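Take a look at the structure set out below.
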Amino acid sequence: VLQGINSLGIGTTADGGNPLSVAGPATLLTHAGTDHRLKINKALPADTASLLFQTGWSGRAEMGTAGTDDFSIKVSADGAAFKPALVLDRHTGAVQAPGNPAFLAYSPGQWSTVTTTQTDLPFDTEVLNRGGHFNPLTGRFTAPVDGLYGFLINGFLGSATNGRICFAINGLTQTMQMQVLVGAAPLSFTSVFGLTAGQYVTCRTGNVNANFTYFRSHTAFSGWLIS
């Protein structure tokens, strides 16, 4: 039985920063009859209690209570900058995914009419652009990763409206998701697409369009990663 020792190295040499060091293909911690619990304790909420996963001694993922008592999973490409992938609120258990892209944009102005077919609508003012994957100069959202994405346009139509609205992927009008619109009415149109990284989505008039009249500042284009 070893008691009160300052350091222990198994298959390697321990040091001041790692007083317990183990080098080997695996480490086994098992029960002595029933349960087994590994405890990682920190002094204050602003301190860190975590598991750090490295490649070549450079951090790539960390899970635990790092700098707060909320539980988080963070990832890094270089071992220096870590991005939170999941955050679990310690009070409610609510799960946040700060890394998941989402955006909401509109274009200031009043009534606007588009009579041409397959014309992308402008959305040049960001309300939300998590991850920076929406470009307000082009009105395009570009998928950063493969996945299932949802898109929504909400707004209000003028009485002269007699046209179509849809989404486009890489400039290709998605006719299966097209909606025919007539008269003054609220506009609400949602579609879900499976996208690969690099594909972009815009909101546009349809392939047959006579008059699409909408109130610009009351019309918003949004999207988000579902899974």
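The values are calculated or read from the model by the stated rules, or taken from the named source; none is laboratory data. For clarity, every value in this text was computed on a predicted model and none was experimentally measured. Positions of Cβ are backbone-derived with ideal geometry, glycine not excepted, and every protein chain shown enters the neighbour counts. What goes into the accessible areas is simple: the full protein's heavy atoms, side chains included, and nothing from ligands, DNA or RNA. Shrake-Rupley method; radii C 1.70, N 1.55, O 1.52, S 1.80 Å.
General remarks:
- Flag for Phe156 being under 18 Å from Gly109 (Cβ atoms) and in contact with a His (Cβ under 6 Å, 6 or more places away or on another chain): yes
- Residue, nearest to Arg164 (Cα to Cα), within the range 191-209, restricted to residues that are of a type outside the set (A, V, I, L, M) and surrounded by fewer than 19 Cβ atoms within 10 Å (Cβ to Cβ): Asn207
- Within the range 1-25, if we keep just the residues that are among the hydrophobic types (A, V, I, L, M, F, W, C) and open to solvent by 80 Å² or more (accessible area, probe 1.4 Å), the residue that is modelled with the lowest pLDDT turns out to be Val1.
- Comparison of Leu28, Leu44 shows that the only residue that is open to solvent by 80 Å² or more (accessible area, probe 1.4 Å), within 27 Å of Asp89 (Cβ to Cβ) and at pLDDT 95 or above is Leu44.
- Considering the range 47-74, the residues that are out of contact with any Leu (no Cβ under 9 Å at 6 or more places or on another chain) and aromatic (Phe, Trp, Tyr) include one that is least open to solvent (accessible area, probe 1.4 Å), namely Phe53.
- Scanning the range 98-117 for residues that are within 13 Å of the chain's Cα centre (by Cα) and of a type in the set (Phe, Trp, Tyr) yields a single hit, Phe103.
- Checklist (1) in a loop (DSSP other than H, G, I, E, B); (2) within 17 Å of Ser222 (Cα to Cα); (3) not small (Gly, Ala, Ser) applied to Glu126, failing item: (1)
- Condition check for Ile169: among the β-branched types (Val, Ile, Thr), open to solvent by less than 70 Å² (accessible area, probe 1.4 Å) and under 30 Å from Gln96 (Cβ atoms): yes
- Options Thr125, Thr65; residue that is over 30 Å from Gly17 (Cβ atoms) and either modelled with pLDDT of 95 or more or hydrophobic (A, V, I, L, M, F, W, C) (or both): Thr125
- From the options Ser76, Ser72, residue that is touching a Gly at 6+ places or on another chain (Cβ under 6 Å) and small (Gly, Ala, Ser): Ser76
- Looking across Leu152, Leu157, Leu137, one residue alone is farther than 16 Å from Phe103 by Cβ, modelled with pLDDT of 95 or more and among the hydrophobic types (A, V, I, L, M, F, W, C). It is Leu157.
- Total residues in the range 87-108 satisfying the condition of being at pLDDT 95 or above and in a strand (DSSP E or B): the figure is 7.
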